[in-house]
1. Take residue 196 and tell me if it is buried (at least 19 other Cβ atoms within 10 Å of the Cβ), modelled with pLDDT of 90 or more, part of a helix (DSSP H, G or I) and in contact with a helix residue (DSSP H, G or I) (Cβ under 9 Å, 6 or more places away or on another chain).
2. Take the residues in region 87-107 that are in contact with a strand residue (DSSP E or B) (Cβ under 6 Å, 6 or more places away or on another chain) and within 16 Å of residue 54 (Cα to Cα); name whichever of them is surrounded by the fewest Cβ atoms within 10 Å (Cβ to Cβ).
3. Looking at (1) surrounded by 14 or more Cβ atoms within 10 Å (Cβ to Cβ); (2) outside the structural domain of residue 57 (by TED's automatic domain parsing); (3) modelled with pLDDT of 85 or more; (4) under 23 Å from the mean Cα position of the chain (by Cα), find the lone condition where residue 177 falls short.
4. Out of the residues in region 200-254 that are within 30 Å of residue 44 (Cα to Cα) and assigned to a loop (DSSP other than H, G, I, E, B), which is modelled with the lowest pLDDT?
5. Counting only residues that are in contact with a helix residue (DSSP H, G or I) (Cβ under 8 Å, 6 or more places away or on another chain) and not in a strand (DSSP E or B), which one in region 44-61 is modelled with the lowest pLDDT?
């Protein structure tokens, strides 16, 4: 399950978007679009666990704390919830199994990254008014971006038509089961599209092994400006983090 529901003595977590109903996804987006009239987590503490420095995530997390009224916890024993990121697949899931509070995933290795995907889809919805019926392209290094997996699940649930444009070496083995139409040629994939979500090349893991060179990759997979490129702002990321924190702590607050 995407949301692990709280049971007596156990927290609930938001670790992935796969399987989350459209109504729940929409509620998260609506909450992120509606600034809290009151600071719902005032007096509470929230932990941010990011092993590798990430300025955009750090800044958005700090802004989300300000939106909700929470203070930053030094450890999980102080926290009512935590936002966590880990470079290895399963790292955040392991933390959730052992944590005393709800965990919101900001990336579990190459597995899902629900926070980034929610923010990306939020930008789509703001630009077009709705996601339903849009033809959305996910282009680039799909295999090494967990947010691409999350975006595919979310866009399908909300009624978009999802296409993936990438060389075969940058596609995950399970791509045929994810509900996206795959195109190797950008020209074919972009035809009739409404918007593009771009996933940059992971140079450390892909260059020289999965793609010959960055120059050749850019030459073959240059998207251009024929289709709008969706770029998520730090403010959107912060609003989504705040919405997710309110979401996972909501049961305890009621």
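The values are calculated or read from the model by the stated rules, or taken from the named source; none is laboratory data. None of the values given here were measured: they were computed from a predicted structure. Don't worry about glycine lacking a Cβ; one is built from the backbone with ideal geometry, like all the others, and counts go over all protein chains shown.
1. Considered against the rule, which asks whether it is buried (at least 19 other Cβ atoms within 10 Å of the Cβ), modelled with pLDDT of 90 or more, part of a helix (DSSP H, G or I) and in contact with a helix residue (DSSP H, G or I) (Cβ under 9 Å, 6 or more places away or on another chain), residue 196 comes out as no.
2. It comes out as 107.
3. Going through (1) surrounded by 14 or more Cβ atoms within 10 Å (Cβ to Cβ); (2) outside the structural domain of residue 57 (by TED's automatic domain parsing); (3) modelled with pLDDT of 85 or more; (4) under 23 Å from the mean Cα position of the chain (by Cα) one by one, residue 177 breaks only (1).
4. First pass over region 200-254, keeping only residues within 30 Å of residue 44 (Cα to Cα): 232-254.
In the following step, the residues that additionally are assigned to a loop (DSSP other than H, G, I, E, B) were identified as 232-233, 254.
Details: 232: 90, 233: 91, 254: 39.
If we take residues in region 200-254 being within 30 Å of residue 44 (Cα to Cα) and assigned to a loop (DSSP other than H, G, I, E, B), then 254 is modelled with the lowest pLDDT.
5. Filtering first and then ranking leaves 56.
Rundown of residues vs (1) over 21 Å from residue 27 (Cα atoms); (2) touching a residue at least 24 places away in the same chain (Cβ under 8 Å); (3) surrounded by fewer than 24 Cβ atoms within 10 Å (Cβ to Cβ); (4) not assigned by TED's automatic domain parsing to the domain that holds residue 89, yes/no style:
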position: 137; (1), (2), (3), (4): yes, yes, no, yes
position: 141; (1), (2), (3), (4): yes, yes, no, yes
position: 151; (1), (2), (3), (4): no, yes, no, yes
position: 155; (1), (2), (3), (4): no, yes, no, yes
position: 165; (1), (2), (3), (4): yes, yes, no, yes
position: 168; (1), (2), (3), (4): yes, no, yes, yes
